[in-house]
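What follows is one structure encoded as structure tokens, with my remarks underneath.
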Amino acid sequence: MSLPRRQFLKGTAAASAGALVAGGLTPSRASGEPPARRAASATTPIIITSHENQTGQNAVEEAWSILADGGMALDAVERGANIIELDPEDMSVGMGGLPNDQGVIQLDASIMDGRTYNAGSVAALENTVHASSVARLVMERTDHVMIVGPAAREFADSFGIPEQDLMTDRTRQAFLRWREAHSENDDWGPPDHLITQGGEQGGPGSGAGAPSSPEGGADFTYGTTNVLAVDANGDVAGITTTSGLSWKINGRIGDSPIIGAGLYVDNDVGAAGATGRGEDVIKSCASFYIVMRMREGRSPQEACEDAIQLIVEKYRNVNPDFVPPEKFVAINKAGEFGCAWMGISGTPHMSVRNGDGLLVYEGTASLQPQG
Ligand code: ASP
């Protein structure tokens, strides 16, 4: 999908820190022509996603039309999340998401509506591409917040949502390579392992010949998407949707479906979402913490950085070298936005769409634990 309104923006962000980079990862402008420079203002409506890639940009652009027409933030975040869930190339969400250690794709998702202070979520949901929409059904059609496992699939069945195989060739190959390489103490190995090991026999149970990182092998990966919005009415909504940590233990549930961990929305303040190692996010109630920091007057950018520091400080006496791989995104009711991670490599980005146009925002990376 093309982005007719892609813009090249640089300047002072609405956030307190971080930078705006190209509105689109490959900005198009005539060579030699200087980029348009202007400050992005904090305006509402606004919609953001932690996905800065082309699909993330497409998602906020498409969902923006709902907000521009005076529609609800809740509908906009669902539209945006659904687009990302459908991308088969994205190995962290919905279709094509990476499976667990049994080769089964189990999705987690949550939704929260600031207007009604309602929330819904599903966890370990299988064979259902739009986990976020099932979470919305939990929120709107039941008095519960969370439905998990096979019961979540049965719940989707009851609404006529068809089962769908989410495995793509790419994710199947990634799983097979991971299974062949992840341990030297099992019987899995690539097809030619007897040859590449110089003829040594790898008998059952020995795992001999399983290379530690086969060519093209799939490493352990993180990935999730958060979609957060404020509509023209000032109402706030958010979604977090994911296939969770790759190769997770069957039945493991991450932070994404847990309200306050992977997602939190407060209609008086704003919204926050998390990606990364869900175990840290659950323990720190990170999204709730970020929103509460914003309630105390911190900007979205500052509040995201506060949450990173909170986690780092908790690990200080346990493992001072631990670098949490979390990425936090947030928006407030004024239309300010922020994004931060600890910074294993590079800086974090997110896609932002508001009345100023589409941009990819560069947040901050805290490379050294502080304090
Ligand atoms: N937070 C997700 C989980 O722990 C995974 C991720 O964001 O990478 O399941």
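The values are calculated or read from the model by the stated rules, or taken from the named source; none is laboratory data. All of these numbers come straight from a predicted model, not from anything done at the bench. As a convention, Cβ positions derive from the backbone with ideal geometry for all residues, glycine included, and neighbour counts pool all protein chains shown. Ligands, DNA and RNA are stripped out before the accessible areas are found, and what is left, the full protein with its side chains, is counted by its heavy atoms. Shrake-Rupley method; radii C 1.70, N 1.55, O 1.52, S 1.80 Å.
Scanning segment 54-63 turns up no residue that is part of a loop (DSSP other than H, G, I, E, B) and either open to solvent by 30 Å² or more (accessible area, probe 1.4 Å) or out of contact with any Phe, Trp or Tyr (no Cβ under 7 Å at 6 or more places or on another chain) (or both).
For segment 267-310, which residues satisfy the criterion of being closer than 21 Å to residue 81 by Cα and surrounded by fewer than 23 Cβ atoms within 10 Å (Cβ to Cβ)? 267, 277, 288 - these are the residues of segment 267-310 that are closer than 21 Å to residue 81 by Cα and surrounded by fewer than 23 Cβ atoms within 10 Å (Cβ to Cβ). Selection of segment 335-371 for residues being under 18 Å from residue 77 (Cβ atoms) and either modelled with pLDDT under 80 or of a type outside the set (D, E, K, R) (or both) yields 335, 337, 338, 339, 350, 351, 352, 354, 355, 358, 361.
If we only count helices (runs of 4 or more DSSP H) wholly inside segment 80-189, which ones have 1 or more residues that are within 30 Å of residue 231 (Cβ to Cβ) and not acidic (Asp, Glu)? So that I can check it myself, show each step before the final result.
Numbers: elements: 131-141, 149-158, 169-181.
Result: 131-141, 149-158.
Considering every residue within segment 246-266, establish whether at least one is more than 15 Å from the ligand (Cβ to nearest atom), crowded, with 23+ Cβ neighbours inside 10 Å and of a type in the set (Gly, Ala, Ser).
First, the residues of segment 246-266 that are more than 15 Å from the ligand (Cβ to nearest atom): 265-266.
Applying the additional criterion that residues be crowded, with 23+ Cβ neighbours inside 10 Å yields 265.
From what's left, of a type in the set (Gly, Ala, Ser): none.
No: segment 246-266 contains no residue that is more than 15 Å from the ligand (Cβ to nearest atom), crowded, with 23+ Cβ neighbours inside 10 Å and of a type in the set (Gly, Ala, Ser).
I'd like to know if segment 90-98 contains one or more residues that are touching a residue at least 24 places away in the same chain (Cβ under 8 Å) and more than 17 Å from the chain's Cα centre (by Cα). No, the conditions are met nowhere in segment 90-98.
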